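Student: Just passing along the structure, written as structure tokens.
The values are calculated or read from the model by the stated rules, or taken from the named source; none is laboratory data. What you see is a predicted model, and the numbers here were worked out from it, not measured in a lab. For neighbour counting, all protein chains shown are included, and Cβ atoms are generated from backbone atoms with ideal geometry for every residue, glycine included. Calculation scope for accessible area: heavy atoms of the full protein, side chains included, ligands and nucleic acids excluded. Shrake-Rupley method; radii C 1.70, N 1.55, O 1.52, S 1.80 Å.
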Amino acid sequence: MARAKLRVACLCAAFISVPLAAQTPGKTVDLRGEWTQFVGAAVAGAGDKAPRYGGRLDGFAMVDGHRLGLWKGLTISLQGEILYGESTNGIGSRLLLPVNAALSMPRNDDVEADLSYSLIQRIGRTRIQIGKINLQEESAALPIVSGGGKEGFQHVGLASPPALLAYPKVYGAILTAPVGPVVFGLGLWTPDDWTQRYTPENAFERGANAMLVATLPAKIGGQLGLHSLSVLLTSRQARLGENFPDIRPPPGLEGARSPGKGGAHFKYSVQQYLWRDATNPKRGFGLFGHVGVSTGTPDILDWSMTAGVAGSPPWDSRPLDRMGLGYFRFSMAPRVKDALAQRLPVDDEQGVEVYYTAQLGRSWRLTAHGQLIDPVITNAPAAAYIGLRTKADF
């Protein structure tokens, strides 16, 4: 996403992007769907190495409120999702983070359905979104990393790096607005999980989360880059492991409370194009990365980072293919390491992922990926995963 050519809004909070694009002009209702299937297995490490198959169906509707007889600038957004089958999350060596972000919500290894909905009001270049918001889906619009696990990288540490302060589904509001060259984002939402919840009842009885982000487009060597600073705050007190689907704290920490209420996550992220197609500015290849630091609840994350390259390959014979190579590191808080040092030594969890996506026809894509991960438990063997993913748009 760029300010003009790629129509980007901003990178919201630790892992949020809010696209400015709405529905197709002239339509009252825009409907589209996605069918994403996964086959994968753990090929190194401890535990089960049997292949797993699972998938998800996503349906989207964008309703033009003005054409519906309401008022100008209003859009009603709906997303329904169904998960089925099994995933590679939770198999192989014991890992802290899910290796398949797209199958970690609404719930892993089960048939589950959920619905997200929101009202989007545009006033000039300002965008206000209110309702039950799927933050992980919003993050899928990032220009170089992209995908949210359904496209691009599959491991959550690269597809949607968790700050452990916000659930993927929340009830609240996000505002984005440009001020000069900078796009600002401001959010306020529930501190609790809104998966399979649909009304605002008791929304803020346990506190609130807030987000402030500023994104500055800048060019280096004539190529577009996006630099983002964000702060995510919470007033709640959390239990370890309850802030993200499938996160598995080391044995002995499950359910332990953080020492106090409130926490913050500070993050700098960058996406910098190295090459872009002169005839199609949406096609390009570049660098990405972030560094994030946490303090307070849930008191398990000290800092995290990502770095890598991703995007469209520069050869003309495969203009719609994508590829990427990324590294992530999730650093455990010193308090957690010290508390477990005598009975279960733990360290940072880190890993690499590589993928290649081939476009097959107009609406089908086939992705091959591999992951190599150094687990959070110090003496656990390295884990390796391979898999295939297909995605159809209709």
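Student: Counting only GluC sites (Glu not before Pro) that sit in a DSSP loop (anything but H, G, I, E, B) with at most 12 other Cβ atoms within 10 Å, what is the longest stretch of the chain containing none of them?
Tutor: Details: sites that count: 201, 205, 254.
Longest gap between qualifying sites, sites excluded: 1-200.
Student: Also, quick follow-up: Round to the nearest 10 and report in Å² the accessible area of residue 126, as given by a 1.4 Å probe over the protein chains' heavy atoms.
Tutor: 40 Å²
Student: Same structure again: If a/c stays under 1.5 just call it rounded; otherwise compare a/b with b/c (prolate if a/b is bigger, oblate if not). Do that for the stretch 210-361, with a ≥ b ≥ c from the square roots of the Cα gyration tensor eigenvalues.
Tutor: Taking the square roots of the gyration eigenvalues as a ≥ b ≥ c, the stretch 210-361 is prolate.
Student: Would you tally the net charge around residue 292, using a Cβ to Cβ cut-off of less than 12 Å, leaving residue 292 out, and scoring K and R as +1, D and E as -1?
Tutor: Overall, the nearby charge balance is +1.
Student: Continuing with this model, one more query. In Å, the Kirkwood hydrodynamic radius of the chain over pairs of distinct alpha carbons?
Tutor: Working: mean 1/r = 0.0469 Å⁻¹.
Across the chain, the inverse of the average 1/r is 21.3 Å.
Student: I've got another one for you. Rolling a 1.4 Å sphere over the protein heavy atoms, what is the accessible area per residue of the chain, to the nearest Å²? Could the numbers behind the result be given before it?
Tutor: On the way: 16100 Å² over 394 residues.
Per residue, the chain has 41 Å² of solvent-accessible surface.
Student: Same structure, new question: For the stretch 306-394, treating each Cα as an identical point scatterer without solvent, what Debye log10 I(q)/I(0) comes out at q = 0.11, 0.23 1/Å?
Tutor: -0.47, -1.09
Student: Give, as a single signed number, the net charge of other residues whose beta carbon lies under 13 Å from the beta carbon of residue 327, with Lys and Arg counted +1 and Asp and Glu -1.
Tutor: Net charge in that neighbourhood comes out at -3.
Student: On to the next question. Give the ranking of 128, 120, 220 by solvent-accessible surface, highest area first, calculated with a 1.4 Å probe.
Tutor: Working: 128 50, 120 5, 220 100 Å².
My answer, sorted largest first, is 220, 128, 120.
Student: Then there is this: Quote the FRET efficiency, to the nearest 0.05, computed for residue 126 versus residue 352 with a Förster distance R0 of 30 Å and r equal to the Cβ-Cβ distance. Numbers along the way, then the final one.
Tutor: On the way: r = 40 Å, r/R0 = 1.32.
Computed FRET efficiency for residue 126 and residue 352 comes out at 0.15.
Student: I would also like to ask the following. For the chain, what's the relative contact order in percent, using C-alpha pairs closer than 8 Å and at least 6 residues apart? List each step's numbers first, then the result.
Tutor: Numbers: 1140 pairs, mean separation 61.6, N = 394.
Dividing the mean separation by the residue count of the chain yields 16 percent.
Student: Output the direction-averaged projected area (hull surface divided by four) of the convex hull of the alpha-carbon atoms of the stretch 171-228, in nm².
Tutor: On the way: hull surface 21.2 nm².
About 5.3 nm², averaged over all directions.
Student: At a 1.4 Å probe radius, carbon and sulfur cover how many percent of the accessible area of the chain?
Tutor: Looking at the chain in its full context, I get 63 percent from C and S.
Student: Cα-Cα over 23 Å: which of 150/261; 261/337; 219/282; 132/282; 72/391?
Tutor: Details: 150/261 34 Å; 261/337 21 Å; 219/282 16 Å; 132/282 29 Å; 72/391 34 Å.
Violating the 23 Å limit, Cα to Cα: 150/261; 132/282; 72/391.
Student: Heavy-atom accessible area of residue 356 with all protein chains present, probe 1.4 Å, nearest 10 Å²?
Tutor: Only protein atoms counted, so the area is about 80 Å².
Student: Compute the separation of the alpha-carbon centres of the stretch 192-238 and the stretch 369-394 and state it in Å as a whole number.
Tutor: 27 Å
Student: Counting Lys +1, Arg +1, Asp -1, Glu -1, what net charge surrounds residue 66 among other residues with beta carbon under 11 Å of its beta carbon?
Tutor: Spelling it out: positives minus negatives among the neighbours equals +2.
Student: Once you order the gyration tensor axes a ≥ b ≥ c over the Cα atoms, which shape class does the stretch 102-167 get: rounded for a/c under 1.5, otherwise prolate or oblate by comparing a/b with b/c? The partial results should precede the final answer.
Tutor: Working: a/c = 2.20, a/b = 1.38, b/c = 1.59.
Verdict is oblate for the stretch 102-167.
Student: Follow-up question, since we're still on this one. Apply the a/c threshold of 1.5 to the C-alpha gyration tensor of the stretch 100-222 and tell me whether it is rounded, prolate or oblate. Mind dumping the intermediate values first?
Tutor: Working: a/c = 2.03, a/b = 1.19, b/c = 1.70.
Oblate is the answer for the stretch 100-222, as a/c is 1.5 or above yet b/c matches or exceeds a/b.
Student: With every protein chain present, what accessible area does residue 227 have (1.4 Å probe, heavy atoms only), rounded to the nearest 10 Å²?
Tutor: Ignoring ligands and nucleic acids, residue 227 comes out at about 50 Å².
Student: Another one. What nm value, rounded to one decimal, do you get for the distance between residue 32 and residue 66 when each label is placed 7 Å out toward the C-beta?
Tutor: Here the modelled spin labels are 2.1 nm apart.
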